[in-house]
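Nothing in this text is a laboratory measurement; each read-out follows from the coordinates by a stated rule. Not measured: the values here are computed from a predicted model. Cβ coordinates were reconstructed from backbone atoms using ideal geometry, including for glycine residues, and neighbour counts include every protein chain displayed.
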Amino acid sequence: MNTLPPAFVERIKKQLGAEAKAFFQALETPAPVSIRRNPGKATDCNELEITEGKTTPVPWCPDAVYLEGRPVFTLDPLFHGGAYYVQEASSMFLHHVLKQLLPPTPVRMLDLCAAPGGKSTLAASLLPPGSLLVSNEVIRSRAAILKENLIKWGQDNTVVTQSDPAAFRALEGAFDFLLVDAPCSGEGMFRKDPASIREWSESNLRLCSERQQRILADSWACLRPGGVLIYSTCTYNPAENERIIEWLIAGGEAESIPLFCPFPGIMPADSAACAFRFYPHKTAGEGFFLAALRKTAGKDYTPRKNKKAKNAPHTALPKELRAYIRQPEQYAVFPDNGILRLVPESQAAFIETLSASTNVLYAGCEAAETNGRKLRLLPPLALWQGLDAPHDGIYDADRPTALAFLKKEDIPPIPSSADWLLVSYHGIGLGWCKNLGNRLNNYYPKEWRIRMQIE
Ligand code: SAM
């Protein structure tokens, strides 16, 4: 590992006292590798091929395991099918926290700093039925990765936006939960990502803390009174952690939420407020900080008829597409330049309002494209959890064929009368081929294809 900045070493020695030595030793050991299954697609982590060998459960997230070593995920078709997400284990503590805080009734959640999508995919799977998750990422290139990961996760309850946090002020009181996994100095990633060591400086610590305050101040209005803020970082710097939540509480509009944590090794933070710290010498994972606060003031959301909202006409589902959808009556269809976007009927009005003040990149499932009477099925439908593929339209590929499909190469035809074939691997949909009888047209998106050489 690169040499640690001396000022960081000195501060950690003060923070951890006698434990500092064990902390620095842990930074010299390999970072653990962990995956979290998609409960909407994979039944059990240990049934995933990638977990062949020994796995160990992640104590605070029942959907996740540690792997022995780091496999080449790119060469696992199920990784591309969104059957699991590769995520650093400490940050999966969000599972334990949401399980304590989520009500059984539908909620609206905003994940404000969401790319590449670790917390969003975790939260999307836990939300009560009828809920909506808005996953926002301000940086355009990162928002594209977020969108891809959420499409592969395959839920219908997510919207991807690419907006500055201040854009959400217009949605006063609209969210029951606000997740701010803030951009930070990244000290907790020193072991996994040596670039974060090079970027570390005391002036950057100050900039990070100021930016975190700005992000929270800009988005605070969109949380309803009584709503929950979950604030997290991957740094050990108290000025970006404890001091930030204390600053919020001192503002008089937030109170700490006491959380139950039965896991040895997860440390209480250095604050009167309830918060948790993860250190690599205490738990298997990287550095992480998390706190939950309840908003005690503010205004409730009043849905307004917004003149700027595109009053998109809802169209009926074409019969040919209806056959592919498990519960077609639950969806509103928004046509957008020929693309048929399915969103849960119960969320349609809010998504329209959202699109008036934020840049909505994606919502629900972009299922198909129409051109006159012709219907072209789109990749998100193949990955969607609401898909009901006809039996004679499934191409159950073996591993070499699935990998060839994911490289966007030609794959051999199979006997089938279906127009569209869902290429799947171990029951998990990957994408579509158009069946031309004697050959198949591979419709896997060019930008998602595997570029790696396969032996
Ligand atoms: N929550 C993500 C996950 O679990 O995969 C990781 C989020 S990462 C810690 C912080 C994110 O905040 C980055 O994607 C970064 O691009 C974004 N970000 C950077 N500057 C920002 C700003 N000024 N406002 C909001 N988000 C910002």
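The figures follow:
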{"read-out": "Pairs, first at positive phi in the range 347-368, second not hydrophobic (A, V, I, L, M, F, W, C), C-beta under 6 Å, six or more apart", "value": "Gly364/Asp156; Gly364/Arg341"}
{"read-out": "Residue list for the range 210-226, restricted to those being more than 15 Å from the ligand (Cβ to nearest atom) and either within 20 Å of Val138 (Cα to Cα) or buried (at least 24 other Cβ atoms within 10 Å of the Cβ) (or both)", "value": "Ala221, Leu223"}
{"read-out": "Residue ID - surrounded by the most Cβ atoms within 10 Å (Cβ to Cβ), chosen from residues in the range 97-122 that are farther than 18 Å from Asn136 by Cα and more than 15 Å from the ligand (Cβ to nearest atom)", "value": "Leu102"}
{"read-out": "Scan of the range 151-165 for residues that are assigned to a helix (DSSP H, G or I) and near the ligand (Cβ under 10 Å from one of its atoms), ordered by number", "value": "Pro165"}
{"read-out": "Hey, Ser203 surrounded by fewer than 22 Cβ atoms within 10 Å (Cβ to Cβ) and more than 23 Å from Phe278 (Cβ to Cβ) or not", "value": "yes"}
{"read-out": "Boolean, Phe168 is aromatic (Phe, Trp, Tyr), within 13 Å of the ligand (Cβ to nearest atom) and not in a loop (DSSP other than H, G, I, E, B)", "value": "yes"}
{"read-out": "Scope the range 342-376; condition surrounded by fewer than 23 Cβ atoms within 10 Å (Cβ to Cβ), over 20 Å from the mean Cα position of the chain (by Cα) and part of a strand (DSSP E or B); matching residues", "value": "Glu369, Thr370, Asn371, Lys374, Leu375, Arg376"}
{"read-out": "Conditions (1) in contact with a strand residue (DSSP E or B) (Cβ under 6 Å, 6 or more places away or on another chain); (2) of a type outside the set (A, V, I, L, M); (3) over 22 Å from Phe8 (Cβ atoms); number of the one not met by Ser232", "value": "(3)"}
{"read-out": "Residue that is nearest to the chain's Cα centre (by Cα) [pool: residues in the range 130-150 that are more than 10 Å from the ligand (Cβ to nearest atom) and within 25 Å of Val58 (Cβ to Cβ)]", "value": "Leu150"}
{"read-out": "Which listed residue is of a type in the set (S, T, N, Q), within 15 Å of the ligand (Cβ to nearest atom), touching a residue at least 40 places away in the same chain (Cβ under 8 Å) and under 21 Å from Ala382 (Cα atoms), from Ser125, Ser90", "value": "Ser125"}
{"read-out": "Selection status of Glu240, surrounded by 24 or more Cβ atoms within 10 Å (Cβ to Cβ), within 14 Å of the ligand (Cβ to nearest atom) and not β-branched (Val, Ile, Thr)", "value": "yes"}
{"read-out": "Flag if Ala284 is among the small types (Gly, Ala, Ser) and more than 26 Å from Asp193 (Cβ to Cβ)", "value": "no"}
{"read-out": "Lone unmet requirement of (1) touching a Ser or Thr at 6+ places or on another chain (Cβ under 9 Å); (2) farther than 22 Å from Lys152 by Cβ; (3) among the β-branched types (Val, Ile, Thr) for Ile414", "value": "(1)"}
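Every residue, every condition in (1) more than 15 Å from Thr401 (Cβ to Cβ); (2) surrounded by fewer than 18 Cβ atoms within 10 Å (Cβ to Cβ), yes or no:
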{"position": "Ala418", "(1), (2)": "yes, yes"}
{"position": "Ser424", "(1), (2)": "no, no"}
{"position": "Leu430", "(1), (2)": "no, no"}
{"position": "Lys434", "(1), (2)": "yes, yes"}
{"position": "Asn438", "(1), (2)": "yes, yes"}
{"position": "Tyr444", "(1), (2)": "no, no"}
{"position": "Glu447", "(1), (2)": "yes, yes"}
{"position": "Ile454", "(1), (2)": "no, yes"}
